[in-house]
């Protein structure tokens, strides 16, 4: 597709275009014909574009062909240095802009025609009188220069040329239209029209490029006719003559103000997002701390009321059910407050704190499954525990309670009223805990994401939740030195498996 797009961009021009899909094909063509410009993709299969450029430079027939690299990795300095070290004079960043491609190819093709014409004229001059040869050559130079300047005036970018010492000799029409300067005035150095804050940086970069005879590239603000400044990508390349010496500089300015503005807007949006996330985390931290005390107090009061009420023989069953329901909701609220506290601690960079003790994982699972029996009955999802033997180790009891509680809560929420299995056992010395539901399942693209903060599966929008449970589970398991994974398919439920080292 890229080759087709390049051919389309150069279509209609008086060029003969040869194509090669591999480096070997390109070398074979270069041995048979001369070319004005060589467009090389850095990512050629087999021998890459940079290696091919080095082979080209070693062959006398193709050594002087200007090379333009095509790359999708413009900001990798090592790649750019390698490209110029292999003999490139410039590079274009994918996706290729047709107008820029045509402008660069036209300039280089015209330089090639100019060089070929001059070499042919020089050969003729050997066979004719020196005076006539010099006159013809001078006329050819003038005609070629006029043609080049007409071509430069037609392209949409600013074009300028300079002598080997870097003194500007020519600006195209676009320069004067943009800057508002007069064409009749003596050409001034291009960096004199830059923003004062960019001027010295540009001058230093230009002097270094002249001294080292290498490509100059930089982003600078150029003053417009109305006094404003617009960001420009400035490039200047040395032109090497037939004798191998540098004979001139060719420079361009490409307007990048719109892309710079978009970059600034993206940075502002990112900063706002960072501040919003920080504000959210600060709020959650304060809210969770403020909620913990009243929620704990309310929880104790409801438990006390329930115990006293059950001693009353005349207790209204409907009232008892309401107190039980309220107590269950407060328990859920208390778990959420604990999750928020954990998240804010982790966000602050604090490690998950563990209080290890000797613990039988089977006994803990039996206790938690019994606690969830009433919730499971209301959800229509029978709970089945399979734990054939004790599984002992040193773990944090409260944290593993959180793990199984969160996994069972999720299973009841997404299990669609179908049976839920809990399994406890050992494998290869590790303790295993698994919770399997037969509900909606999790899409493959969501199976890693659901373990992050505030993330939920995208399959069911009507089920509410903060998206913290699995994040806390993962951090607790990792703090124990274990791992958690999920196996699932849409419509077939999900199985969460936790593996824990014994201590």
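Observations
- Residue within the stretch 104-114 that is more than 17 Å from residue 241 (Cβ to Cβ), touching a helix residue (DSSP H, G or I) at 6+ places or on another chain (Cβ under 7 Å), modelled with pLDDT under 65 and surrounded by 13 or more Cβ atoms within 10 Å (Cβ to Cβ) present: no
- For the stretch 425-444, the criterion of being assigned by TED's automatic domain parsing to the domain that holds residue 500 and assigned to a helix (DSSP H, G or I) is met by at least one residue.
- Residue list for the stretch 171-197, filter: more than 15 Å from residue 235 (Cα to Cα), in contact with a strand residue (DSSP E or B) (Cβ under 6 Å, 6 or more places away or on another chain) and assigned to a helix (DSSP H, G or I): 174, 193
- Of all residues making up the stretch 221-279, the number that are within 30 Å of residue 114 (Cβ to Cβ) and either assigned to a strand (DSSP E or B) or at pLDDT 90 or above (or both): 21
- Residues in the stretch 325-371 that are in contact with a strand residue (DSSP E or B) (Cβ under 7 Å, 6 or more places away or on another chain), surrounded by 14 or more Cβ atoms within 10 Å (Cβ to Cβ) and at pLDDT below 90: 354 alone.
Let's see how each residue does on (1) modelled with pLDDT of 90 or more; (2) out of contact with any helix residue (DSSP H, G or I) (no Cβ under 7 Å at 6 or more places or on another chain):
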{"site": "423", "(1), (2)": "yes, yes"}
{"site": "433", "(1), (2)": "yes, no"}
{"site": "451", "(1), (2)": "no, no"}
{"site": "495", "(1), (2)": "yes, yes"}
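- For the stretch 243-258, the tally of residues that are surrounded by 11 or more Cβ atoms within 10 Å (Cβ to Cβ) and either under 18 Å from residue 100 (Cβ atoms) or under 31 Å from the mean Cα position of the chain (by Cα) (or both) stands at 8.
- Filtering the stretch 381-396 to residues that are buried (at least 16 other Cβ atoms within 10 Å of the Cβ) and within 43 Å of the chain's Cα centre (by Cα) leaves 395, 396.
- Residues considered: 53, 88. Of these, the only one that is in a loop (DSSP other than H, G, I, E, B), under 30 Å from the mean Cα position of the chain (by Cα) and buried (at least 19 other Cβ atoms within 10 Å of the Cβ) is 88.
- Residue count for the stretch 466-485, restricted to those that are crowded, with 17+ Cβ neighbours inside 10 Å and in a strand (DSSP E or B): 1
- Listed conditions (1) assigned to a loop (DSSP other than H, G, I, E, B); (2) under 18 Å from residue 488 (Cα atoms) are all met by residue 390, apart from (2).
- Of all residues in the stretch 1-33 being touching a residue at least 40 places away in the same chain (Cβ under 8 Å) and in a loop (DSSP other than H, G, I, E, B), the one that is farthest from residue 66 (Cα to Cα): 13
- Scanning the stretch 207-232 for residues that are in contact with a strand residue (DSSP E or B) (Cβ under 9 Å, 6 or more places away or on another chain) and farther than 24 Å from residue 182 by Cα turns up 208, 209, 210, 213, 214, 215, 216, 217, 218, 219.
- For the stretch 173-187, the set of residues classified as surrounded by fewer than 16 Cβ atoms within 10 Å (Cβ to Cβ), within 18 Å of residue 156 (Cα to Cα) and over 39 Å from the mean Cα position of the chain (by Cα) consists of 180, 183, listed by residue number.
- Filter pass, residue 67 being surrounded by fewer than 19 Cβ atoms within 10 Å (Cβ to Cβ) and at pLDDT 80 or above: no
- For residue 430, the stated conditions do not hold, so it cannot be described as surrounded by 18 or more Cβ atoms within 10 Å (Cβ to Cβ), within 21 Å of residue 479 (Cα to Cα), touching a strand residue (DSSP E or B) at 6+ places or on another chain (Cβ under 9 Å) and in contact (Cβ under 8 Å) with a residue 60 or more places away in the chain.
- Criterion violated by residue 139 - all others in (1) assigned to a helix (DSSP H, G or I); (2) over 29 Å from residue 99 (Cβ atoms); (3) modelled with pLDDT of 65 or more satisfied: (3)
The values are calculated or read from the model by the stated rules, or taken from the named source; none is laboratory data. This structure is a prediction, so every number in the text was calculated from the model and none was measured. Reconstructed Cβ throughout: ideal geometry from the backbone, glycine too, with neighbour counts over all protein chains shown.
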